[in-house]
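Heads up, the thing below is written out as C-alpha cells.
The values are calculated or read from the model by the stated rules, or taken from the named source; none is laboratory data. Treat the numbers as computed from the prediction; the structure is a model and nothing was measured. Here the Cβ is made from the backbone with ideal geometry for all residues, glycine too, and neighbour counts use every protein chain on show. Quick note on the areas: whole protein, heavy atoms, side chains included, nothing else; ligands and nucleic acids left out. Shrake-Rupley method; radii C 1.70, N 1.55, O 1.52, S 1.80 Å.
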Amino acid sequence: MEQIYTIPVNEAFDLVSEKPECGCPFCVLYKKLQSDEIDIILGASMMEPDIRIKTNELGFCLSHYNIMLSKKRMLGMGLMLESHLAEVKKRLLGQTLLGKKASVAVSSLGELESSCYVCSRIERNLSAMIATAVYLYESDFAFSKKF
C-alpha cells in the first residue's frame, strides 16, 4: 500500500524506468528537492521569520546563490541578502575573544562559507528519501524489481 512519503521515491524510479536518459533516480530526487527548495525560499517563505532566521544564520553556497540569481526574483533575493548581510555584519562587528577580534571574525566567516540553508534542507530530505527507498526495496516486491 502506497504511503504519502513513498510517492516521490516511486515517481522518481518510475520516471527513470520510463525514460532511462533521466539518469539515476536519486539524482532525479535531488534535482526535484533542489528546485522545490529554491522556489520555496524565493516565494512566500522569504517573509516567514523562522525561515529568515535560518537563512540569515546559514547563508547559501555559491552554487545555490547562483541558481537563485538565475531565477530573477530580485525582490526575494534583495530582502534575503539585506537581512543576511546585516546578520553577518553584526557577527563580525560584535565578536571578540580575549581581544582577538580579527581571528574570531575570520573564524565566523569560515563557518559561514561551509554552510548553506538549501544544502541542509536537501540533505535532510534526501536522507529520508533514501531511507524510504531502502524500506520499499525490503518490503515491496514491485519496487525491488523496479530498483
message: Under 7 Å between Cβ atoms, which residue pairs at least 6 apart in sequence (or on different chains) link something in the stretch 122-147 that is under 21 Å from P20 (Cβ atoms) and without any contact (Cβ under 8 Å) to a residue 24 or more places away in the chain with a partner that is open to solvent by 70 Å² or more (accessible area, probe 1.4 Å) and not aliphatic (A, V, I, L, M)?
response: Y137/F147; S144/Y137
task: Among residues belonging to the stretch 10-30 that are farther than 23 Å from S139 by Cβ and surrounded by 14 or more Cβ atoms within 10 Å (Cβ to Cβ), point out the one that is farthest from the chain's Cα centre (by Cα).
output: C22
Contacts under 9 angstrom Cβ, first residue in the stretch 43-72 being surrounded by 18 or more Cβ atoms within 10 Å (Cβ to Cβ), partner aromatic (F, W, Y) and part of a loop (DSSP other than H, G, I, E, B), 6 or more apart: M68/F60
task: Working only within the stretch 7-38, note down all residues that are without any contact (Cβ under 8 Å) to a residue 12 or more places away in the chain and part of a helix (DSSP H, G or I).
output: I7, E11, E18, P20, E21, C22, C27, K31, S35, D36
